[in-house]
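Colleague: Attaching a single structure in structure tokens format; questions to follow.
The values are calculated or read from the model by the stated rules, or taken from the named source; none is laboratory data. Just so it is clear, the structure is predicted and the values come from calculations on it, not from any experiment. As a convention, Cβ positions derive from the backbone with ideal geometry for all residues, glycine included, and neighbour counts pool all protein chains shown.
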Amino acid sequence: MCKYLLLFLLLTTLASAQNPDSVSVYSRDSIRYTNLKARMSKTKFSKAVYRLLFRDVYNQGKVKEVKEIETNPFTPYEGMVIRTIYIRQLDIMGESVYDTTRKGNRLQRFLSKRLHTNTREGIIRKSFLLFSEGDDIQAQTLKDNERLLRENRTILDARIIVVPRTDVTWMADVVVLVQDSWSLNFAGGFSSFNKFNLAVENINVRGTTHSQRTGIRWNSNDTIQKFQFRTIYTVPYIGKTFITGQANFIYERDLKEQSIRLYRRFLTNETKYAGAFELGHIKVQQYRRRLDDIDVVIQYPTEYKFYDAWIGRSFKFPFPNSPLAKNSRIVTAIRHNKYSFDERPQVAPDLNKIYWNRSATLVSLGYSNRNYKRDVLIYGFGRTEDVPIGHLFALTLGQENTQFGARGYAGVQYATGQYLAHNLGYMYALANVGTYSKNGKAQQGVLSGQLNYISNLIPFRYSFFRQFLTFRYTHGIRRDPLDYLNISGEQGIRGINNDQLIGTKRLTVGTETVFFSDKSLLGFRIAYFVFADLGLVNGVSSLWDGPLYQGYGLGLRFRNENLAVNTFQIRVGFYPNIPGNSAPWRFGASGNVPLRLRDFDISAPSIVPLQ
């Protein structure tokens, strides 16, 4: 028995990566994994340990699926009539949408069936499918539907399979495979009965796909507010409308909010209408510094009421024979909002414009070209990821009426994302420019650009790594003293939160190398990373006159894709010249929200943000 435990400790392996160009690596790793499985199956104890800690994720089926990312698997069935739709819900542990023959062990089956409620079949049929029985099969619709299922955080992975009928050649059945994420999650901290916090989140309440997050904090020594509370309830899709609804009630020390929101995105190229409506009341304690005196922290209590509504309509590209027409839409939209402040900092015609009482009407005209390719191990740890490719161009015009008179607004946005030729990776670029104008002068303008590069998966021994590069530039035009950028955190020098790194111009360069390990424990896969961040930000001087702020570090991330909790991250960083840093070395452990690549769907006409 001991030798099997020793073998387990030395050879714990789990497939955590897939590369369409590395089938030989997979075959070698799969053989090693199969041998380990055979050795640990000789006694009941070692077999139980194996089945508890490992999942069979090596299978050529999934490699083939990812390899053929260019291919729409539903094209051969275009035009067939859907006779019957079958929904099959897999256990959250032990099974896979790419190999339905897998079976979990007793513990996994107990957790899947006794402590988790699968999404109701009727909910999937009513709210998550873009097609119905009797419809003609449209290959792009089925492909889009797979992506939309995977986008929902209650669903770990999804796959649609078309099964042609043998008795009626022009008809087919459609099987929808759905694997849920674990629905119930907890978070909290405890130092004593005088100071503690607890949060509970259910992302699939009774199998309805509704989510509710409730959190409390207690600090008996807090002289301002001892008890804090928040609850957020979300309905992903209301009926067959694909409208999402959310209600927030937050009663915390520095934030009090009551708001509701209804919204619908341009989910696919075939979606004709999108829009949103939001209504709320917010009271927040803001802690700001002035650009001309960053050593002084000023507290600004701010309270305001607001509403915000927009609606958009998409149209097919007017020239169907043009090479620009494929997967393209012309989108028009109109937006109106209003903000009324009950409490705020001092305002004047040339001071603190972000706190003016105001209402705005904006219209936009845009071109959107969007498609998706399947890939793995970008921001996920093995789940299927849908990588957006395409282009976006949008022009926004409007007028804002304020307590100090009216002013106009104009903005332009362009974005593009593509896989590069010769398997060189993925590139995303974004450019924004927008400004208010009054009496021929720009106010609160922004000029910004961003460039992201993600390499292909690079084989290394039994696993893979990726290289990430990010360049960001932002230039604020005639901003107010309380309206500035901060380059610490994920927008610049990651791993720190410093409110002295502020200005109206910013240039940052970040690089990260992520190694996706073949190790796994209790279903948690491991990724190691090293990073370097460099940043410039101006205060009252030129961008180039200030110091080059730096951050370097390494760490590891843990994630179980079956769970809806954030990725757990441990990081050690070295920051040689951050102001106010008592020591250059910093250690941090946190939950890291999984990132997503930016899409090319046009949404509400918007003001270019200073961020």
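Colleague: Residues of the range 237-292 being touching a strand residue (DSSP E or B) at 6+ places or on another chain (Cβ under 7 Å), surrounded by 16 or more Cβ atoms within 10 Å (Cβ to Cβ), under 17 Å from D144 (Cα atoms) and in contact (Cβ under 8 Å) with a residue 40 or more places away in the chain, which ones?
Modeller: Answer for the range 237-292, where residues must be touching a strand residue (DSSP E or B) at 6+ places or on another chain (Cβ under 7 Å), surrounded by 16 or more Cβ atoms within 10 Å (Cβ to Cβ), under 17 Å from D144 (Cα atoms) and in contact (Cβ under 8 Å) with a residue 40 or more places away in the chain: Y237, F242, R265, F266, N269, T271, A274.
Colleague: Follow-up. Quick check on this structure: which one of R461, R506 is assigned by TED's automatic domain parsing to the domain that holds Y436, in contact with a helix residue (DSSP H, G or I) (Cβ under 9 Å, 6 or more places away or on another chain) and surrounded by fewer than 19 Cβ atoms within 10 Å (Cβ to Cβ)?
Modeller: Values: R506 fails: surrounded by fewer than 19 Cβ atoms within 10 Å (Cβ to Cβ).
Going through R461, R506 in turn, just one is assigned by TED's automatic domain parsing to the domain that holds Y436, in contact with a helix residue (DSSP H, G or I) (Cβ under 9 Å, 6 or more places away or on another chain) and surrounded by fewer than 19 Cβ atoms within 10 Å (Cβ to Cβ): R461.
Colleague: Next up: Can you say whether L501 is assigned by TED's automatic domain parsing to the domain that holds F574 and closer than 30 Å to V347 by Cβ, as far as the supplied structure shows?
Modeller: Considered against the rule, which asks whether it is assigned by TED's automatic domain parsing to the domain that holds F574 and closer than 30 Å to V347 by Cβ, L501 comes out as yes.
Colleague: From the residues in the range 517-534 that are crowded, with 19+ Cβ neighbours inside 10 Å and within 20 Å of T470 (Cα to Cα), which one is modelled with the lowest pLDDT?
Modeller: Going through the qualifying residues, I end up with A527.
Colleague: In the range 169-192, what residues are modelled with pLDDT of 90 or more and in a loop (DSSP other than H, G, I, E, B)?
Modeller: W170
Colleague: Restricted to the range 393-405, and to residues that are modelled with pLDDT of 95 or more and among the small types (G, A, S), which residue is nearest to the chain's Cα centre (by Cα)?
Modeller: A394
Colleague: Let me confirm something: among Y355, Y372, which residue is closer than 30 Å to I526 by Cα, crowded, with 18+ Cβ neighbours inside 10 Å and assigned by TED's automatic domain parsing to the domain that holds D342?
Modeller: On the way: Y355 fails: closer than 30 Å to I526 by Cα.
Matching residue, one of Y355, Y372: Y372.
Colleague: Looking only at the range 112-152, which residues are of a type in the set (K, R) and either in contact with a Gly (Cβ under 9 Å, 6 or more places away or on another chain) or within 20 Å of E270 (Cβ to Cβ) (or both)? So that I can check it myself, show each step before the final result.
Modeller: At the first step, the residues of the range 112-152 found to be of a type in the set (K, R) are 113-114, 120, 125-126, 143, 147, 150.
Those that are of a type in the set (K, R) and either in contact with a Gly (Cβ under 9 Å, 6 or more places away or on another chain) or within 20 Å of E270 (Cβ to Cβ) (or both): R120, R125, K126, K143, R147, R150.
Colleague: Looking only at the range 204-224, count every residue that is more than 25 Å from the chain's Cα centre (by Cα) and more than 18 Å from N248 (Cβ to Cβ) and tell me the total.
Modeller: Residues meeting the conditions: 7.
Colleague: Ok, one more. From the list A421, A415, A410, A406, exactly one residue is over 30 Å from N352 (Cβ atoms) and without any contact (Cβ under 8 Å) to a residue 40 or more places away in the chain. Which is it? Spell out the reasoning first.
Modeller: Working: A415 fails: without any contact (Cβ under 8 Å) to a residue 40 or more places away in the chain; A410 fails: over 30 Å from N352 (Cβ atoms); A406 fails: over 30 Å from N352 (Cβ atoms).
Exactly one residue qualifies, and that residue is A421.
Colleague: Output yes when any residue across the range 342-351 is within 27 Å of F515 (Cα to Cα), touching a helix residue (DSSP H, G or I) at 6+ places or on another chain (Cβ under 8 Å) and in the same structural domain as F529 (by TED's automatic domain parsing), and no when none is. Give the derivation first.
Modeller: Of the residues in the range 342-351, the ones within 27 Å of F515 (Cα to Cα) are none.
Checking the range 342-351: not a single residue is within 27 Å of F515 (Cα to Cα), touching a helix residue (DSSP H, G or I) at 6+ places or on another chain (Cβ under 8 Å) and in the same structural domain as F529 (by TED's automatic domain parsing).
Colleague: While we're looking at this one, here's another question. For the range 298-344, which positions are of a type in the set (A, V, I, L, M) and buried (at least 16 other Cβ atoms within 10 Å of the Cβ)? Explain how you work it out, then say what you get.
Modeller: Of all residues in the range 298-344, those of a type in the set (A, V, I, L, M) come to 298, 309, 311, 324-325, 330-331, 333-334.
Of everything in the range 298-344, those that are of a type in the set (A, V, I, L, M) and buried (at least 16 other Cβ atoms within 10 Å of the Cβ) turn out to be A309, I311, V331, A333, I334.
Colleague: Take the residues in the range 496-531 that are within 22 Å of V297 (Cα to Cα) and touching a residue at least 40 places away in the same chain (Cβ under 8 Å), then tell me which one is nearest to the chain's Cα centre (by Cα). Outline the logic, then answer.
Modeller: First pass over the range 496-531, keeping only residues within 22 Å of V297 (Cα to Cα): 496-506.
Still in the running and touching a residue at least 40 places away in the same chain (Cβ under 8 Å): 496, 498-504.
Details: I496: 21, N498: 24, D499: 25, Q500: 28, L501: 26, I502: 26, G503: 27, T504: 27 Å.
Looking at the filtered set, the residue picked out is I496.
Colleague: Applying the selection to the range 210-264, what residues are touching a Lys or Arg at 6+ places or on another chain (Cβ under 8 Å), part of a loop (DSSP other than H, G, I, E, B) and among the hydroxyl-bearing types (S, T, Y)?
Modeller: Hits for the range 210-264 are S220, T241.
Colleague: For F471, indicate whether it is without any contact (Cβ under 8 Å) to a residue 60 or more places away in the chain, surrounded by fewer than 16 Cβ atoms within 10 Å (Cβ to Cβ) and out of contact with any Lys or Arg (no Cβ under 7 Å at 6 or more places or on another chain). Break it down stepwise before answering.
Modeller: Working: without any contact (Cβ under 8 Å) to a residue 60 or more places away in the chain: yes; surrounded by fewer than 16 Cβ atoms within 10 Å (Cβ to Cβ): yes; out of contact with any Lys or Arg (no Cβ under 7 Å at 6 or more places or on another chain): yes.
It is true that F471 is without any contact (Cβ under 8 Å) to a residue 60 or more places away in the chain, surrounded by fewer than 16 Cβ atoms within 10 Å (Cβ to Cβ) and out of contact with any Lys or Arg (no Cβ under 7 Å at 6 or more places or on another chain).
Colleague: Another question about this same structure. In the list T416, T384, which residue meets the criterion of being over 22 Å from G312 (Cβ atoms), of a type in the set (V, I, T), in the same structural domain as S448 (by TED's automatic domain parsing) and touching a strand residue (DSSP E or B) at 6+ places or on another chain (Cβ under 6 Å)? So that I can check it myself, show each step before the final result.
Modeller: Details: T416 fails: over 22 Å from G312 (Cβ atoms).
None of the others qualify; the one that does is T384.
Colleague: Do we find that F317 is more than 28 Å from S359 (Cβ to Cβ) and either under 32 Å from the mean Cα position of the chain (by Cα) or of a type outside the set (A, V, I, L, M, F, W, C) (or both) in this structure? Quick ask: steps written out before the conclusion?
Modeller: Working: more than 28 Å from S359 (Cβ to Cβ): yes; either under 32 Å from the mean Cα position of the chain (by Cα) or of a type outside the set (A, V, I, L, M, F, W, C) (or both): yes.
Judged against the criteria, F317 is a match.
Colleague: Counting only residues that are within 29 Å of A274 (Cβ to Cβ), part of a loop (DSSP other than H, G, I, E, B) and of a type in the set (S, T, N, Q), which one in the range 345-392 is nearest to the chain's Cα centre (by Cα)?
Modeller: So the residue we want is T384.
Colleague: Could you look through the range 127-174, keep only residues that are polar (S, T, N, Q) and surrounded by 15 or more Cβ atoms within 10 Å (Cβ to Cβ), and pick out the one that is nearest to P73 (Cα to Cα)?
Modeller: Taking the range 127-174 and keeping what is polar (S, T, N, Q), we get 127, 132, 138, 140-141, 145, 152, 154, 166, 169.
Checking which are surrounded by 15 or more Cβ atoms within 10 Å (Cβ to Cβ) leaves us with 127, 138, 140-141, 145, 152, 154.
Numbers: S127: 23, Q138: 11, Q140: 10, T141: 12, N145: 13, N152: 22, T154: 25 Å.
Once the filter is applied, the top-ranked residue is Q140.
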